[in-house]
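Taking it in order: structure first as structure tokens, then the write-up.
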Amino acid sequence: MPEDPPPPARFGFIGVTTGGSLINKMFPLWAEALGLNAVLEGIDLPVGADRQAIREAILRLQQEPGWLGALITTHKVAVWEHARDLLAETDPHAQRLGEVSCLSKNESGQWVGHAKDALTAMLALAQVAPEDYWEAHPEAELLILGSGGAGVALAWGVLQRPRPPARITFTELRPERLAQARHHLQDASPERLHFRHTPTPEDADALVSHLPPFSVVVNATGLGKDRPGSPLSEAVQFPAKGRVWEFNYRGDLTFLQQARTQESARQLSVFDGWHYFLLGWAYVAAEVFHFELTPERFQQLAAAAAPLRP
């Protein structure tokens, strides 16, 4: 009699509302394209999940059979803070940025933590502001709304460019998050970095409205995805000829809509988070399933996902 096929490998997704992500429809298409016998399983944790919940999620991956790894979204910093001792090793980006966005197993079966945001954010940024953008527009600034792991990773990557912006400003509701961002970036051109506490949308509006032309504004807060709303009010005025980038691709996307209402009048270039979403999942999948993500293979995965784009 023929042997039963092996059970599929389990690929984890740790987030807030994982069931709402298009990855649930997209991953089976990718698995088929890649020839993988694998299934995606979500693990939902609320925003601000405590230490015990974070550790229980990581231990579940390690103790239940079949898990090969996971992508982590909202809880990247929390996994670093509360569960890095459960990992055999962490990569240099995770250590530098204080976050874990990917879990995989090495050849010895030990669990490894990676931070992929610095890579994927920079690849996605190339569509928003090309390599020579701030050389062509030296007066332009970069404003990152939200100082969590993704925003910090973006700033770190931008500062590796030959000509980064002269001024990068972070905003944040919680002063302690600003302090963490400052700490993680303390060795990366501190003279260019500015940190602003913005307890209300109007406080953030004021920073946006005073940006010079061609500046880049990024929503890295998560608002508009797992939680409704925007870090800005409806009265905000985006910089003339600016670039506006919403990290999210799903949710109410209020920030994206605010930018699009001014797209013509302010001559804006507006981008959503679809390309960033694809890059994030593709690079984590490559780490978990141990394949090389060549440009050709990424284009294959992007083409498979294209019919699902909102």
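The values are calculated or read from the model by the stated rules, or taken from the named source; none is laboratory data. In this text the structure is predicted, and so the values were computed from the model without any measurement. Positions of Cβ are generated from backbone atoms using ideal geometry, with glycine treated the same way; all protein chains shown enter the neighbour counts. Heads up: the accessible areas ignore ligands, DNA and RNA and are worked out on the full protein's heavy atoms, side chains in. Shrake-Rupley method; radii C 1.70, N 1.55, O 1.52, S 1.80 Å.
Here are the numbers for the structure shown:
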| quantity | calculated |
| --- | --- |
| GNM top mover of 283, 133, 249 - the chain, alpha-carbon springs below 10 Å | 133 |
| DSSP-defined antiparallel bridges as percent of all bridges, the chain, nearest 5 | 15 percent |
| Inter-part distance where the range 271-297 and the range 1-72 are each reduced to a Cα centre, Å | 16 Å |
| Hz values of 3J(HN,Hα) by residue in the range 271-280 - Karplus curve (6.51, -1.76, 1.60), Gly and Pro given as x | 10, 9, x, 4, 4, 4, 4, 5, 4, x |
| Average accessible surface area per residue within the range 69-173, 1.4 Å rolling probe, Å² | 35 Å² |
| Portion, in percent, of the accessible area of the chain that falls on carbon or sulfur, probe 1.4 Å | 51 percent |
| Charge-dipole axis of the range 84-228 as Lys and Arg at +1 and Asp and Glu at -1 on Cβ define it, positive-most pick from 217, 143, 103 | 103 |
| Sum of -39500 (n - 2.57) over DSSP H runs of 4+, divided by residues of the chain (222 nm, nearest 500) | -11000 deg cm²/dmol |
| Degrees separating the helix 175-184 axis from the principal Cα axis of the chain, which is the longest one | 70 degrees |
| FRET efficiency, 1/(1 + (r/R0)^6) with R0 41 Å, evaluated for residue 292 and residue 186 via beta carbons | 0.75 |
| Within straight-line cross-link reach of residue 25, lysines at Cα separation under 20 Å, skipping those fewer than 8 residues along the same chain | 225 |
| Pairwise FRET efficiency - residue 64 versus residue 160, Cβ, R0 = 51 Å, nearest 0.05 | 0.85 |
| Residue-wise HN-Hα coupling along the range 55-62, computed from phi with Karplus coefficients 6.51, -1.76, 1.60 (Hz; x: Gly, Pro) | 5, 4, 5, 5, 5, 4, 4, 6 |
| Stokes-Einstein translational diffusion, the chain - Kirkwood Rh over all Cα pairs, 1.002 mPa s, 20 °C, in µm²/s | 107 µm²/s |
| In nm, spacing of pseudo-spin labels at residue 86 and residue 107 (7 Å Cα→C-beta vector) | 2.7 nm |
